[in-house]
Structure formats: C-alpha cells, structure tokens
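The values are calculated or read from the model by the stated rules, or taken from the named source; none is laboratory data. Predicted model, so just to flag it, every value in this text is computed and none were measured. Here Cβ is always computed from backbone atoms with ideal geometry, including for glycine, and neighbour counts include all displayed protein chains.
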Amino acid sequence: MALTESNMIDLGTKAPNFTLPDTVSGNNFSFKDIKGEKGTLVMFTCNHCPYVLHVNEELIRLANDYKKKGIGFVAISSNDVVNYPQDSPDKMKKLAEDLGYPFPYLYDESQEVAKAFDAACTPDFYLFNEENILVYRGQLDNSRPNSGKPVTGIDLRNAIDSVLNNKNIDSFQYPSAGCNIKWKK
C-alpha cells in the first residue's frame, strides 16, 4: 500500500459529468441524478483500502447528517478489479449493503471518471456547491489508521457547513491521503 495524497485540483473547477452503474440497485446514475439542492460530495473509495475502512462509519454518518440538509452524496470505485478482485462490483454491492451505505456506490470500470476528477487516492473527496463548482477537495480530518486520532470528519464537516451557510471556505486545504487508485496497466 503506497500512501498517496490528493492531486488538489483547482478550486472553482466545474463538476465533471458522468453516468455510472450503481452496484446496489443496478441503475445508472449521473452527476445530475445525485446532485444535492445545496451541494454535492463525490467520494472516490474502494472496498479494501485500510484508509477507507478507517473512515467508512464517518462517511455514513456524514451522509445521514447532511442529506436531509440538501447535500447529495455518491461513492465511486475506480480500481482495477482484475488485479484487485476484492473491489469488484459484486463485492462493492455486498459491502454497501452490509454497511448500509445511504448513497449510491458506483463502479467506474473504464476509470474515465476518476481521470476526469484527477482522483489519486482512496478516499478522495470533492465538494461542489449548488452551482456545481468545486469549493473543497481535501481530507476528511487528520485521523489515519493507527494514528491514535479519532475520526471526526471535522475538515469536511466544516466545508459542508460553510456551503450550507453560504460562507467562504479557506482555500488552504489539506489533501486527503490513502491508497493510490489501482490503475489498469
């Protein structure tokens, strides 16, 4: 597992559009389908990364806390499933059902969506405002596996609260860090 940080694309970037299959429902979802009234959080994740496993419960809490306030949520896995079969769609579905994901868990088989977002790691977070403009890309909080720091989601929660209250978000943002996306060769 190579520790990889977010690429930190430019704030103000327009949300890339996509249409991907949801591993749970079997339906296709586009950005427009998952977009929230007040903002949208796109999360690149996967099944096996210890950094994702470390924060999964907080991601569920985040969605449950903020969906009712107008924030849309989606998780996307773009990993190469030939070399990482634990991230295959059937296993994604099982994980999402077992954990009770309150958001679609989409499979990016071509990896084109990850490339469009310039995603680099799992987890990787992109928060867009109601106009689909990127206002936050960075860490959930400063907890990492075996760091002894509790998972609070404070950085991402503060960003979402700022979106909901029409407040500016500081442009100095710490990158997310985790496993690299498993690119196809």
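So if I check each of Lys185, Lys149, which one is surrounded by fewer than 17 Cβ atoms within 10 Å (Cβ to Cβ), in a loop (DSSP other than H, G, I, E, B) and touching a Ser or Thr at 6+ places or on another chain (Cβ under 7 Å)?
Lys149
Out of the range 156-182, which residues are farther than 22 Å from Phe31 by Cα, crowded, with 16+ Cβ neighbours inside 10 Å and more than 14 Å from the chain's Cα centre (by Cα)?
Ile169, Gln173, Lys182
For the range 14-33, name all the residues that are surrounded by fewer than 16 Cβ atoms within 10 Å (Cβ to Cβ) and hydroxyl-bearing (Ser, Thr, Tyr).
Thr19, Ser25, Ser30
Cβ-Cβ under 7 Å, sequence separation 6+ or interchain: first residue in the range 82-98 and farther than 8 Å from Thr23 by Cα, partner not in a loop (DSSP other than H, G, I, E, B). Which pairs?
Asp87/Ser77; Ala96/Tyr105
Could you run through the range 140-179 and say how many residues are polar (S, T, N, Q) and touching a residue at least 40 places away in the same chain (Cβ under 8 Å)? Please lay out each step first, then the result.
Residues of the range 140-179 polar (S, T, N, Q): 142-143, 146-147, 152, 158, 162, 165-166, 168, 171, 173, 176.
Now drop any that are not touching a residue at least 40 places away in the same chain (Cβ under 8 Å), which leaves 143, 152, 171, 173, 176.
So the answer is 5.
Listed here are the residues, each with its yes/no results for (1) of a type in the set (D, E, K, R); (2) within 28 Å of Asp161 (Cα to Cα); (3) buried (at least 19 other Cβ atoms within 10 Å of the Cβ).
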position: Ser88; (1), (2), (3): no, no, no
position: Lys94; (1), (2), (3): yes, no, no
position: Leu99; (1), (2), (3): no, yes, no
position: Glu109; (1), (2), (3): yes, no, no
position: Ala120; (1), (2), (3): no, yes, yes
position: Asp124; (1), (2), (3): yes, yes, yes
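With the requirement that a residue be in a loop (DSSP other than H, G, I, E, B) and either of a type in the set (A, V, I, L, M) or modelled with pLDDT under 95 (or both), what does the range 156-165 give you? It would help to see each step written out before you state the result.
Within the range 156-165, the subset in a loop (DSSP other than H, G, I, E, B) is 165.
Within the range 156-165, none qualify.
Run down Asn47, Asn83, Asn79 and say which single residue is under 15 Å from Cys179 (Cβ atoms) and more than 14 Å from the chain's Cα centre (by Cα). Talk me through it step by step, then tell me what you get.
Values: Asn47 fails: more than 14 Å from the chain's Cα centre (by Cα); Asn79 fails: more than 14 Å from the chain's Cα centre (by Cα).
Step by step, each of Asn47, Asn83, Asn79 is checked, and only Asn83 is under 15 Å from Cys179 (Cβ atoms) and more than 14 Å from the chain's Cα centre (by Cα).
Scan the range 132-146 for residues that are within 30 Å of Ser30 (Cβ to Cβ) and either surrounded by 16 or more Cβ atoms within 10 Å (Cβ to Cβ) or over 17 Å from the mean Cα position of the chain (by Cα) (or both) and jot them down.
Passing the criteria: Asn132, Leu134, Val135, Tyr136, Arg137, Gly138, Gln139, Leu140, Asp141.
All but one of (1) under 17 Å from Ala159 (Cβ atoms); (2) outside any loop (DSSP other than H, G, I, E, B); (3) free of Cβ contacts under 8 Å to residues at least 12 places away in the same chain; (4) not hydroxyl-bearing (Ser, Thr, Tyr) hold for Glu131; state the number of the condition that does not hold.
(2)
Has the range 46-69 got any residue that is modelled with pLDDT of 95 or more, buried (at least 19 other Cβ atoms within 10 Å of the Cβ), within 19 Å of Lys115 (Cα to Cα) and polar (S, T, N, Q)?
Within the range 46-69, not a single residue is modelled with pLDDT of 95 or more, buried (at least 19 other Cβ atoms within 10 Å of the Cβ), within 19 Å of Lys115 (Cα to Cα) and polar (S, T, N, Q).
Which residue out of Ser147, Ser171, Ser176 is closer than 27 Å to Asn79 by Cβ and either at pLDDT below 95 or of a type in the set (Lys, Arg) (or both)?
On the way: Ser171 fails: closer than 27 Å to Asn79 by Cβ; Ser176 fails: either at pLDDT below 95 or of a type in the set (Lys, Arg) (or both).
Testing whether each residue is closer than 27 Å to Asn79 by Cβ and either at pLDDT below 95 or of a type in the set (Lys, Arg) (or both) leaves just Ser147.
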